[in-house]
Amino acid sequence: MTPTALLIFAGIYALAVLSPGPGVAAVVARALATGYKRTIPFILGIVLGDLFWFGLVVSGLTVIAHNFYIVFAIIKYVGAAYLLYLAWKLWRAPAKSPEEQNYARGEGFRLGVAGFSMTIGNPKTMIFFLAILPQVVVLEDMKTPAIAELCVLMAVILFAIMLVYAVLAAKARTFIASPRQMKMVNRATGGLMAGVAVAVATR
């Protein structure tokens, strides 16, 4: 692809990622509760989910995706269920700073799967790849180098933007001065995560 075409795609994709949606809300909720470092596996799952949808569209497998909707529905509900579990954990989390919290065994893998599952069922993601992307890129004429370029570009843009959201959310925790305030934040983020889970499951 030409530099101009890549720049146009990057701008449109960045705007789509920046716009509020279940992914942004979940990343913010997670980072507020546990810090940005423990949010990175979740972000990587979101990146893989976007690349998965891109692969389906480029491969012309969207028809198969529609025919096997039940499979995607199951993945979506599993992801929503895990997000609800995370919401419950956040709601009941002790009033500790992220640095004081212990990592759970296998947490990174589970968060990655949750991010991937959420992205598979995210209506904003589906709309972008099934409706907007074909209007921006001529998929039928794309060769392997162009596909690789777009994959790298999407991964970098999505990871960078989500990480910025996570870092900003984590920084907000530094203004919490008391355990009571921290407990309120934990419950607020737990409620937000639960809302994301419901939004994903019902769309």
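The values are calculated or read from the model by the stated rules, or taken from the named source; none is laboratory data. Bear in mind the structure is a predicted one, so any value in this text is a computation, not a measurement. Counting neighbours? That spans all protein chains shown, and the Cβs are built from the backbone with ideal geometry, glycine included.
Could you please find all residues in region 30-63 being within 30 Å of Gly191 (Cβ to Cβ) and either outside any helix (DSSP H, G or I) or without any contact (Cβ under 8 Å) to a residue 40 or more places away in the chain (or both)? Walk me through how you get there before you give the answer.
Of all residues in region 30-63, those within 30 Å of Gly191 (Cβ to Cβ) come to 30-50, 52-53.
Within region 30-63, Gly35, Tyr36 meet the criteria.
Name the pairs: first residue in region 112-128 and under 16 Å from Ala16 (Cβ atoms) and modelled with pLDDT under 80, second residue among the polar types (S, T, N, Q) and surrounded by fewer than 23 Cβ atoms within 10 Å (Cβ to Cβ), Cβ to Cβ under 9 Å, at least 6 apart or on different chains?
Lys124/Ser19
For Thr62, indicate whether it is of a type in the set (Val, Ile, Thr) and at pLDDT below 70.
On the way: of a type in the set (Val, Ile, Thr): yes; at pLDDT below 70: yes.
Taking the combined requirement at face value, the residue satisfies it.
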